[in-house]
């Protein structure tokens, strides 16, 4: 092959090779999980990980076990919180992508590349839920009180100065809201890696790196 054509071929194939290596590393690490032998302790608190096949959220009981999430994320910040809401879902992600891509139809190449490049700030997406709305699609996350407290602290630390600052005027619906968050999204630090890091810190068995949703839920119980 002539040298110019070889250079062009290498340039075109390099992103493909990188993407394949990225997925291969993430997949391989599922078989070398962190916290493979967690300490024996009672896990009476039933939390969840919710996945839509791409993105994961942590789901906690709204009140109890020493935490009342409605005080940190007050219902007044939302359009219409159901009076019988009993859980809250919390996810982290790229600010630009989260705020302006409510559906996949709104996704643009520029926005996707901007998220991967890590040039935008991040936000937390918080949603009030009723248990029947999510439990059939969620993965069970039984927690001890110690693990629960570590995860709650992890979420609080994602907020600037541990305070919830509402992003005004942007919501997907009546039961969700966005809050300013620490960190920047990138192809290394994805929304799922944020979820996975929290689980690792809490001593939950999970992949050592979780760029994809399947890395997060692989070692969790379905329902």
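The values are calculated or read from the model by the stated rules, or taken from the named source; none is laboratory data. Remember, it's a predicted structure, so these values are computed and weren't measured experimentally. Don't worry about glycine lacking a Cβ; one is built from the backbone with ideal geometry, like all the others, and counts go over all protein chains shown.
Data for the structure
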quantity: Sole exception among (1) at negative phi; (2) assigned to a helix (DSSP H, G or I); (3) exposed (fewer than 15 other Cβ atoms within 10 Å of the Cβ) for residue 161, by number; calculated: (1)
quantity: Selection status of residue 168, part of a loop (DSSP other than H, G, I, E, B) and under 17 Å from residue 54 (Cα atoms); calculated: no
quantity: Any chance residue 183 is more than 16 Å from the chain's Cα centre (by Cα), over 22 Å from residue 65 (Cα atoms) and part of a loop (DSSP other than H, G, I, E, B); calculated: no
quantity: Residue count, region 181-211 (criterion: in contact with a helix residue (DSSP H, G or I) (Cβ under 6 Å, 6 or more places away or on another chain), crowded, with 24+ Cβ neighbours inside 10 Å and more than 20 Å from residue 39 (Cα to Cα)); calculated: 4
quantity: Subset of region 130-139 that is under 18 Å from the mean Cα position of the chain (by Cα) and either surrounded by 15 or more Cβ atoms within 10 Å (Cβ to Cβ) or modelled with pLDDT of 95 or more (or both) - its residue that is nearest to residue 38 (Cα to Cα); calculated: 139
quantity: Qualifying residue in region 65-81 (condition: in contact with a helix residue (DSSP H, G or I) (Cβ under 6 Å, 6 or more places away or on another chain) and part of a strand (DSSP E or B)); calculated: yes
quantity: Residue count, region 29-58 (criterion: part of a strand (DSSP E or B) and over 24 Å from residue 89 (Cβ atoms)); calculated: 0
quantity: Selection count, region 140-153, where residues are in a helix (DSSP H, G or I), in contact with a strand residue (DSSP E or B) (Cβ under 9 Å, 6 or more places away or on another chain) and surrounded by fewer than 17 Cβ atoms within 10 Å (Cβ to Cβ); calculated: 2
quantity: Single residue of region 82-103 satisfying the filter (in a strand (DSSP E or B) and under 16 Å from residue 59 (Cα atoms)) that is modelled with the lowest pLDDT; calculated: 93
